[in-house]
1. Determine whether Thr232 is modelled with pLDDT of 90 or more and not assigned by TED's automatic domain parsing to the domain that holds Ile96.
2. Against the conditions (1) touching a residue at least 12 places away in the same chain (Cβ under 8 Å); (2) touching a helix residue (DSSP H, G or I) at 6+ places or on another chain (Cβ under 9 Å); (3) not β-branched (Val, Ile, Thr), where does Tyr182 fall short? Just the number, please.
3. Of the numbered conditions (1) surrounded by 18 or more Cβ atoms within 10 Å (Cβ to Cβ); (2) out of contact with any helix residue (DSSP H, G or I) (no Cβ under 8 Å at 6 or more places or on another chain); (3) at pLDDT 90 or above, Thr107 satisfies every one except a single condition; which is it?
4. How many of the residues in region 205-222 are touching a residue at least 24 places away in the same chain (Cβ under 8 Å) and not in a loop (DSSP other than H, G, I, E, B)?
5. Can you find even one residue in region 110-129 that is modelled with pLDDT under 90 and part of a helix (DSSP H, G or I)?
6. Please go through (1) at pLDDT 75 or above; (2) over 21 Å from Arg126 (Cβ atoms) for Ile211 and return the number of the only condition it doesn't satisfy.
7. Here are some residues: Leu246, Leu223, Leu161, Leu199. Which one is surrounded by 15 or more Cβ atoms within 10 Å (Cβ to Cβ), modelled with pLDDT of 90 or more, under 16 Å from Ser112 (Cα atoms) and aliphatic (A, V, I, L, M)?
Amino acid sequence: MDKRNIPEPDLDNLLKQTLKDDLPPDATSRMKRQFLSLKRTLEQTESSAEAGISLWSFRKEVLAFASLLVLILAGLMNFGGHQSALADSISRLKVIVDVTECLNRATSMDCSVLKRDAGNAESRYRVRWNAAGITRVDMDSANGGKRTLWISDAATSPDPLWQPALEFMTPAILVQRMEKHYRLMQTGDRVGGGPDDFLLVGRENQQIIEITVDGRTYLPKTLKKYSQDSSTTGTGRICLMEIQFLWNQPISQALLVPAPQAAKRRGSQ
């Protein structure tokens, strides 16, 4: 495994956000020393990891080991009244890990994207992806009309008109944004239409991110982006973007083949 490919700052930031303000300063200092020791141990043993192990599996082991270490420290350091806060932090961390793990196991994705601009004009996109790595994006925009784009390479950079849909082009790209940009935390609120739904809240630039997660599948149901200052304007919250997800449902292969190629295949039959 190439250590350069492991995004260590992501783990550090996730732990900092998850454990933020939960512990007294002296406990936090001791915790940081223990995590630094853990990181050094992992660096020393990394060279002996099996060549076939996936990056996410390795990161899962890191988080599991770190969580176990924190639980042991909680007992040894006599946190007293802070034990419940510590347990709650670990619980939130585990939820986020479970969500990203389930996203990485998804076999198909079908999501609708609604974006509102400053003038309240709407653009709509539909993104469909399958495990073969093919993505189809349909756009209905006031600026670009109705158009369809097929993408087989995640590095492709199409016209900026497609930009609102690109961060939802594949589950892996969504996971990357969740880890690097959204800085998600779980709230204590149950939301949505299902009794097991729960909410993850984060921020990106000047926007508030809210993700409703299905508590049975641990997959996102909706993702909404709100203007950060909309709750203080007195006119209600301003939703800038809303995404509805449908996971692991069959998608016709014909839909994921560009139109000229599909016509060519039908003509050869």
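The values are calculated or read from the model by the stated rules, or taken from the named source; none is laboratory data. Because the structure is predicted, anything quoted here is derived from the model rather than measured. Please note: Cβ atoms are built from the backbone with ideal geometry, for glycine as well, and neighbour counts cover all protein chains shown.
1. Details: modelled with pLDDT of 90 or more: no; not assigned by TED's automatic domain parsing to the domain that holds Ile96: yes.
Spelling it out, it is not the case that Thr232 is modelled with pLDDT of 90 or more and not assigned by TED's automatic domain parsing to the domain that holds Ile96.
2. The one condition Tyr182 does not meet is (2).
3. Failing condition for Thr107: (1).
4. 8
5. First pass over region 110-129, keeping only residues modelled with pLDDT under 90: 116-122.
Next, from what is left, pick out any that are part of a helix (DSSP H, G or I): none.
Scanning region 110-129, I find no residue that is modelled with pLDDT under 90 and part of a helix (DSSP H, G or I), so the answer is no.
6. So the condition that Ile211 fails would be (2).
7. Working: Leu246 fails: surrounded by 15 or more Cβ atoms within 10 Å (Cβ to Cβ); Leu161 fails: modelled with pLDDT of 90 or more; Leu199 fails: under 16 Å from Ser112 (Cα atoms).
Selected residue: Leu223, the only one of Leu246, Leu223, Leu161, Leu199 that is surrounded by 15 or more Cβ atoms within 10 Å (Cβ to Cβ), modelled with pLDDT of 90 or more, under 16 Å from Ser112 (Cα atoms) and aliphatic (A, V, I, L, M).
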